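A.B. asks: This structure is in structure tokens; I'll ask about it shortly.
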Amino acid sequence: MRIGHGYDVHRLVPGRRCIIGGVDIPHEAGLEGHSDADVLTHAVMDALLGALALGDIGAHFPDTDARFAGADSIALLRQISALMRARGWKLSNLDATVLAQAPRIAPYISAMRENLARAIGCGEERISVKATTEEGLGFTGQKQGIAAHCVCLIEEI
Ligand code: MG
């Protein structure tokens, strides 16, 4: 077995969609980035790549590459999952936390788990998504951005 950790942050700005865990959440601001800026899915991919010791998503999907402009991060996660299987590993479980003052994440957690599980090709019981505010403190508390952490365990097939 191997463990991995991922962390990501995206700035909240007007005029962008707010896509988290593959769910397009109605909100007054959205996440800025080269891809769809899905902060949770990025943390998940970095955790998987970390467990595989295969670098990070910036190395696999460079933000200088026009092919990844507006990219669907769930589709990128499918690619990382295929890479994991090709290397002889499968997900045992992952546990992720989204740090956001707004929007409220709770109503969308089950849809996020479903999206992540489908992209990874595993059961939803292996996918945990949690959310917290930071009590108005720091950049997430001030609604300047949203952060996500993820840890995962992978096992040899
Ligand atoms: Mg990112």
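The values are calculated or read from the model by the stated rules, or taken from the named source; none is laboratory data. It should be emphasised that the depicted structure is a prediction, and the values quoted were computed from it without experimental measurement. Here Cβ is always computed from backbone atoms with ideal geometry, including for glycine, and neighbour counts include all displayed protein chains. Heads up: the accessible areas ignore ligands, DNA and RNA and are worked out on the full protein's heavy atoms, side chains in. Shrake-Rupley method; radii C 1.70, N 1.55, O 1.52, S 1.80 Å.
A.B. asks: Considering only protein heavy atoms, what per residue accessible area in square angstrom results for segment 64-148 with a 1.4 angstrom probe? Working shown, then result.
C.D. replies: Details: 4290 Å² over 85 residues.
Accessible area per residue, segment 64-148: 51 Å².
A.B. asks: Tell me, what % of the accessible area of the chain is carbon and sulfur with a 1.4 angstrom probe?
C.D. replies: Exposed carbon and sulfur together represent 49 percent of the surface.
A.B. asks: Over segment 43-148, what is the mean sequence separation of C-alpha contacts under 8 Å (at least six apart), divided by residue count, expressed as relative contact order in percent?
C.D. replies: That works out to 28 percent.
A.B. asks: For the chain, what value does the Rg/Rh ratio take when both radii are computed over Cα atoms and Rh is the Kirkwood radius, given to two decimals?
C.D. replies: Reported Rg/Rh, Kirkwood definition of Rh: 0.95.
A.B. asks: Can you list which of the trypsin sites (Lys or Arg not before Pro) found in segment 1-96 are DSSP loop residues with at most 16 other C-beta atoms within 10 Å? Don't skip to the answer; put the middle values down first.
C.D. replies: Values: sites: Arg2, Arg11, Arg16, Arg17, Arg67, Arg78, Arg85, Arg87, Lys90; in loops: Arg16, Arg17, Arg87.
Of the trypsin sites (Lys or Arg not before Pro), the ones in loops of segment 1-96 whose Cβ has at most 16 other Cβ atoms within 10 Å are Arg17, Arg87.
A.B. asks: Tell me the angle of helix 73-86 to the major Cα principal axis of the chain, expressed in degrees between 0 and 90 and rounded to the nearest ten.
C.D. replies: Approximately 20 degrees, to the nearest ten.
A.B. asks: Only residues of segment 30-53 count here: report those whose backbone N is under 16 Å from the spot 7 Å along Cα→Cβ of Ile3, or say none.
C.D. replies: Once the point is set 7 Å along Cα→Cβ of Ile3, 47-53 turn out to lie under 16 Å by backbone N, inside segment 30-53.
A.B. asks: Still on this structure, please answer the following. Which residues among segment 70-112 fall inside the zone where the amide N is under 17 Å from a point 7 Å beyond the Cα of Thr133, along Cα→Cβ?
C.D. replies: 98-108
A.B. asks: Can you give me the angle between helix 109-120 and the longest principal axis of the chain, using Cα atoms only, in degrees from 0 to 90, rounded to the nearest 10?
C.D. replies: With rounding to tens, the tilt is 30 degrees.
A.B. asks: Quick check: residue separation of Ala69 and Ala102 times 0.36 nm, minus the Cα distance between them. What number comes out in nm?
C.D. replies: 9.4 nm is the gain from fully extending Ala69 to Ala102.
A.B. asks: Quick check: the angle from helix 39-52's long axis to the longest principal axis of the chain, C-alpha only, nearest 10 degrees?
C.D. replies: With both axes taken from Cα atoms, the answer is about 30 degrees.
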